[in-house]
Amino acid sequence: MKVSHIGIAVRSLEEAGVNYASLFGEENLHRETVEEQGVDILSFPVGDAVVELTAATRDESPIAKFIEKRGEGIHHIAFEVENLQEELDRLKAAGVKLINEIPREGAHDMLIAFIHPSSYNGVLVELCQKKG
Ligand code: ZN
């Protein structure tokens, strides 16, 4: 398992992008819309991981709800695994509360699944696996 990315909920990708460019520079930026999740993302590579700024594309997006409730800030931490379904089955059997029991489509051509924050001390954890 390794750290894949850190998701940060922001109101405006443009404004947040300028802020974070002062920290990470502007090389190899990646922008993508993930319609299934209702998000626009702008990601900055940092070492082997990525910092992913995430803005809502619609009002009922989980990111919009998160910002409404808690304001901007760290939304989730994602860890990459070799076999996502196997990992989900293992965690479920161990009593971990999964949000997604079946992998879904994520950004960067990855399969993803979220684990409920109540299982990990208030932190929303995402597991992901590279496709193919
Ligand atoms: Zn993510």
- Can you check what the net charge comes to around residue 61, using other residues whose Cβ is under 11 Å from the Cβ of residue 61 (Lys, Arg +1; Asp, Glu -1)? -4
- Query: Alpha carbon centre of the range 39-81 versus the range 87-114: separation in Å?
  - Reply: 17 Å
- Once you wrap a convex hull around the alpha carbon atoms of the range 22-65, what is its projected area averaged over all directions, in nm²? 3.5 nm²
- Item | Portion, in percent, of the accessible area of the chain that falls on carbon or sulfur, probe 1.4 Å | 50 percent
- How far is it, in nm, from the label point at residue 12 to the one at residue 130 when both lie 7 Å from their Cα along the line to the Cβ? 3.6 nm
- Task: Evaluate the Kirkwood expression for the hydrodynamic radius of the range 17-90, namely the inverse of the mean inverse distance over all pairs of different C-alpha atoms, and round to one decimal in Å.
- Result: 14.0 Å
- For the range 75-132 the GluC sites (Glu not before Pro) that pass both the DSSP coil test and the at-most-10 other-Cβ-within-10 Å test are 82
- Query: For q = 0.18, 0.20 Å⁻¹, what log10 I(q)/I(0) does the chain give under the Debye formula with an equal point scatterer on each alpha carbon and no solvent?
  - Reply: -1.01, -1.23
- Cβ-Cβ FRET estimate between residue 31 and residue 93, R0 fixed at 41 Å, reported to 0.05: 0.60
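The values are calculated or read from the model by the stated rules, or taken from the named source; none is laboratory data. What you see is a predicted model, and the numbers here were worked out from it, not measured in a lab. Please note: Cβ atoms are built from the backbone with ideal geometry, for glycine as well, and neighbour counts cover all protein chains shown. Just the protein is used for accessible areas: all its heavy atoms, side chains included, with ligands, DNA and RNA removed. Shrake-Rupley method; radii C 1.70, N 1.55, O 1.52, S 1.80 Å.
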